[in-house]
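Here the structure is laid out as structure tokens; the discussion comes afterwards.
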Amino acid sequence: MRKLLVILDLDETLIHATLTPSRSPDFRVLDYGVLMRPGLGAFLEELFTRYEVALWTASTKEYANAVLPHLCDPQRFLFVWSRERCVNRRIVELDEWVYVKDLKKVKRSTGRSLDRVVLVDDSPEKAQRQYGNYIRVEAYEGDPGDRELPVLRQFLRSFDPVADVRPIEKRGWRSRPTDGVPRLVLGRNGGCYYEFQCQPKGHDYVHWHPDSLFLDDDHFRVAADLFQSQSTSFNAYGPTRYADGQLTRLHDGFLRLAAREDVAPEYRSIAKELGELARRCHSTGEVLWVLGP
């Protein structure tokens, strides 16, 4: 499966530029004081590691070229587009003009399908021609307590096993909807989550679930060891899919480990959790996705 292409907006998505910043700016360009959104460095670094990344701003090329070197090496982007690539469209009801980002231009320019493309922007009118590819973020206006990017990093990971991102509901993505999907999230390894999740058969999307269980790095290694001991197809760098008889074997194997007195207590506890998750997936006719970093 081809890597996800994440197309990022610039102003009010990654940065806030103003002539009168509310606090000391991170840097200045073209008379503007620029505030970087909290978590931007880690956000970009993960995206460059996991995905193809591009930038498309409705601002001018001169402005984008002045800002980007302060954020990262611009050469790391698949492409950097500015206002010249947008479609200037009039909204009759509001009697105003907007710069629309028509993703068909991406398809023509790169030759890739739009099934593995997302556009991250704070302005929905700019994505009006391909809402299925659009993830709306809250406009960043300099709040130092803003947490949008760390949460967005987690949401983007949910697309890893998805063949076509367009049918997936993206509205309300921050709220982790309660949809009855059991999920066990295991630790952080180098800043990445390992996720064990059930989802309905026949669906290629991944939902967040509020009852996630987070474990520290040591317990993550325990869980990964257990999964590898019970499944020859387990891939620590995922994703791996389990269904039907595979789930039964996982359930039985984990519960046997949980009942053994010669197994360390921390292993037994986590084996019980994994066994219960496999049982729930099997009993509801779901599949178990194991998503690596």
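For region 5-21, which positions are in a loop (DSSP other than H, G, I, E, B), modelled with pLDDT of 95 or more and out of contact with any Asp or Glu (no Cβ under 6 Å at 6 or more places or on another chain)?
Start the filter on region 5-21 by keeping residues that are in a loop (DSSP other than H, G, I, E, B), which leaves 9-10, 12-14, 19-21.
Now narrow it down to the ones that are modelled with pLDDT of 95 or more: 9-10, 12-14.
10, 14 - these are the residues of region 5-21 that are in a loop (DSSP other than H, G, I, E, B), modelled with pLDDT of 95 or more and out of contact with any Asp or Glu (no Cβ under 6 Å at 6 or more places or on another chain).
May I ask you to list the residues in region 41-64 that are of a type in the set (A, V, I, L, M, F, W, C) and either modelled with pLDDT of 95 or more or crowded, with 18+ Cβ neighbours inside 10 Å (or both)?
43, 44, 47, 48, 53, 54, 55, 56, 58, 64
Got a sec? Which of 268, 249, 260 is loosely packed, with under 13 Cβ neighbours inside 10 Å, over 27 Å from residue 159 (Cβ atoms) and either of a type in the set (Gly, Ala, Ser) or at pLDDT 80 or above (or both)?
260
Test of understanding: among 67, 53, 98, which residue is touching an Asp or Glu at 6+ places or on another chain (Cβ under 7 Å), outside any loop (DSSP other than H, G, I, E, B), aliphatic (A, V, I, L, M) and in the same structural domain as residue 129 (by TED's automatic domain parsing)?
When all the criteria are applied, what remains is 98.
Which condition from (1) buried (at least 19 other Cβ atoms within 10 Å of the Cβ); (2) at pLDDT 65 or above; (3) within 29 Å of residue 168 (Cα to Cα); (4) in contact with a helix residue (DSSP H, G or I) (Cβ under 9 Å, 6 or more places away or on another chain) is the one that residue 279 breaks?
So residue 279 meets the others, but not (1).
Yes or no, residue by residue, for (1) in contact with a Ser or Thr (Cβ under 7 Å, 6 or more places away or on another chain); (2) farther than 26 Å from residue 147 by Cα; (3) of a type in the set (Asp, Glu):
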{"residue": "45", "(1), (2), (3)": "no, no, yes"}
{"residue": "59", "(1), (2), (3)": "yes, no, no"}
{"residue": "68", "(1), (2), (3)": "no, no, no"}
{"residue": "73", "(1), (2), (3)": "no, no, yes"}
{"residue": "76", "(1), (2), (3)": "no, no, no"}
{"residue": "101", "(1), (2), (3)": "no, no, no"}
{"residue": "115", "(1), (2), (3)": "no, yes, yes"}
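Taking region 119-173 on its own, how many of its residues are of a type in the set (Phe, Trp, Tyr) and at positive phi?
Step one: filter region 119-173 for residues of a type in the set (Phe, Trp, Tyr), giving 131, 134, 140, 155, 159, 173.
Then keep just the ones that are at positive phi; that gives none.
Looking only at that region, the number is 0.
Return the pairs, sorted by first residue and then second, in which the second residue is crowded, with 17+ Cβ neighbours inside 10 Å and among the hydroxyl-bearing types (Ser, Thr, Tyr), the first residue lies in region 240-269 and is over 17 Å from residue 280 (Cα atoms) and in the same structural domain as residue 281 (by TED's automatic domain parsing), the beta carbons are less than 7 Å apart, and the residues are 6+ apart or on different chains.
Pairs found: 257/267.
In region 67-77, is there at least one residue being hydrophobic (A, V, I, L, M, F, W, C), crowded, with 18+ Cβ neighbours inside 10 Å and over 23 Å from the mean Cα position of the chain (by Cα)?
yes
So that you can scan it fast, the table gives a plain yes or no per residue for (1) modelled with pLDDT of 80 or more; (2) surrounded by 19 or more Cβ atoms within 10 Å (Cβ to Cβ); (3) acidic (Asp, Glu):
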residue	(1), (2), (3)
134	yes, yes, no
138	yes, no, yes
152	yes, yes, no
171	no, no, no
175	no, no, no
186	no, yes, no
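The values are calculated or read from the model by the stated rules, or taken from the named source; none is laboratory data. Please read these numbers as outputs of a predicted model, since none were measured by experiment. A quick note on method: Cβ atoms are made from the backbone with ideal geometry, for glycine too, and the neighbour counts reach across all protein chains shown.
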